[in-house]
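First up is the structure itself, then whatever we jot down about it.
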Amino acid sequence: MSEFKKFIFPGVLTILGIVLLINGGMTEQNGMFMFGAVGILIAGIVGLAAAAVELNKMLRLGVSGALILLVAGLAYSNYQSIKVPIEFQNEKERRYEHVVQRLKDIRTAELAYKARYQKYMGNMDSLVDFIKSDSIAFIKAIGNVPDTMSLEDAVKAGIVSRDTLYVSVYDSLFATQVTADRVHAFVADSIAYVPFTGGAEFALDAGFVKRSSVDVPVFQATDSKPFDKRDVLQVGSMNDPKTNGNWE
C-alpha cells in the first residue's frame, strides 16, 4: 500500500494535465492556458517516472519539492490566463458604455445639424458650437384637425395654420434628457473626447456619396484611441448613408 501511495500525487497531476489539455482544445483557450496544461502533464509524467524508479529518500524529496513548485507556478499561470482576459473584458465593457453614449450624442447632434442645413458637419469644434448656440425649427400646427381630414388637407382648407418656431439645439435635444437614462451626464464641451483616454478626440468626417445620381450627405465618427484595437467603435459611414453604430 505504501508503494502505491507514491504514485497518487503524480498520477493526479497526469490526469489533470490531460483533462486541461482536452478542455483547452474544446474551449479554444489561449496559449498561456495550454502551456500550463502541458507543463502539468509533464510534471505528472516525470513524477510517475521518479516514483517508479528506486531513488534514495533525499533525491525523492528533492524531485517532489521541484514538482510541487512547478505545479504551483503552472497553476498560477493558468489562473492568470483566465483572470486577465476576464478583467480586460469587464474593463472594456465599462469603458465602451461611455464611448457608445458619446457616439450617440454625436449622432443626435449630426442629425439635428442635417435637419437645419441639409448636410452633416465634419468639424468637431463647429458641431459643439452648433449644440451650444444654434437652433432648430419646429413646425407647430395651430387649430384643430377634424377627424375626417388629414393635417395637410386641413391646412389647405384653411382650418389649421402652421407656425415655425426656432428652439435652442441644446435645450430641445439635450437639456431635457433624463440623467438616469444615460451612462454619464451630457456636457457639450466634452462631446469631442473619447472617455478614459486623457484627451483623445473622436475622428469626425462628413461629406456626400452618390446614390442614383443624387448627392446624399454622410458622416462618420470613430473612436480614435480604442481600448480594444480589435474592436473600434464608430457611428455612421463615409461610404453609405446610414447613421447606425457598429455596436447596434
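What follows draws every value from the coordinates through simple rules; no lab data is involved. The structure displayed is predicted, hence computed values, not measured ones. When we count neighbours, we look across all protein chains shown, and the Cβ atoms used for this are built from the backbone with ideal geometry, even at glycine.
Could you calculate the contour length gain from Val214 to Ala200, that is, 0.36 nm times the residue separation minus the distance between their Cα atoms, to one decimal place in nm?
So the extension gain works out to 1.5 nm.
Kindly rank 102-110, 231-239 from highest to lowest mean number of other beta carbons found within 10 Å of each residue.
102-110, 231-239
Using 7 Å Cα-to-Cβ label points, what is the Ala137/Asp231 separation (nm, one decimal)?
The answer from the label model is 4.3 nm.
Stretch Ser161-Gln118 to full length: gain in nm at 0.36 nm per residue minus the Cα-Cα span?
Using 0.36 nm per residue and subtracting the Cα-Cα distance, I get 13.0 nm.
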